[in-house]
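Data first, discussion second: the structure below is written as structure tokens.
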Amino acid sequence: MVWDGKTFPREPERTIGDILEGGLEGYYDLYHFDQLGQHEDQLLNRHGLSCEIFLVDSGRIKCRLCPGSQALTWEAWDPDKLRTRTVKEFLAASRNYITILRRLLSVIDFGLSMRVDGAKLPDN
């Protein structure tokens, strides 16, 4: 997975909510029921992330599979020309966003656990 080095999401509610019905709560539900697959590309794209396949020989990247190509076509890898960054760099550059996202998801998680723990079962 690589980062484009240019996309800096700011508001999790908007970044995710523009894609998923139900916003962060919808994301949480889809994640826990393993239903995010159909939205993965959009979510990655909104964060400037993409999955790429590289051919490595003796520890050096030789070429990469062309993103979005229908057939298996490879392009030469020129690290100076193709400016992609690692996920680690994305996380470092997006610390505030990640912190806000984690807090919001924790609130959702806590709210759901309170509903489940405090729910009354119907009398039989």
Exercise. Just wondering, is there one or more residues in region 27-37 that are over 13 Å from the mean Cα position of the chain (by Cα), assigned to a helix (DSSP H, G or I), closer than 23 Å to Ala92 by Cβ and free of Cβ contacts under 8 Å to residues at least 60 places away in the same chain?
Worked result: no
Seminar exercise, completed: Scanning region 53-81 for residues that are surrounded by 11 or more Cβ atoms within 10 Å (Cβ to Cβ) and out of contact with any Lys or Arg (no Cβ under 8 Å at 6 or more places or on another chain), the one modelled with the lowest pLDDT turns out to be Pro67
For this session: Of all residues in region 1-25, count the ones that are over 19 Å from Lys88 (Cα atoms), of a type outside the set (Val, Ile, Thr) and surrounded by 16 or more Cβ atoms within 10 Å (Cβ to Cβ).
Result: 5
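The values are calculated or read from the model by the stated rules, or taken from the named source; none is laboratory data. The model shown is predicted, which means the values in this text are computed figures rather than measured ones. Positions of Cβ are backbone-derived with ideal geometry, glycine not excepted, and every protein chain shown enters the neighbour counts.
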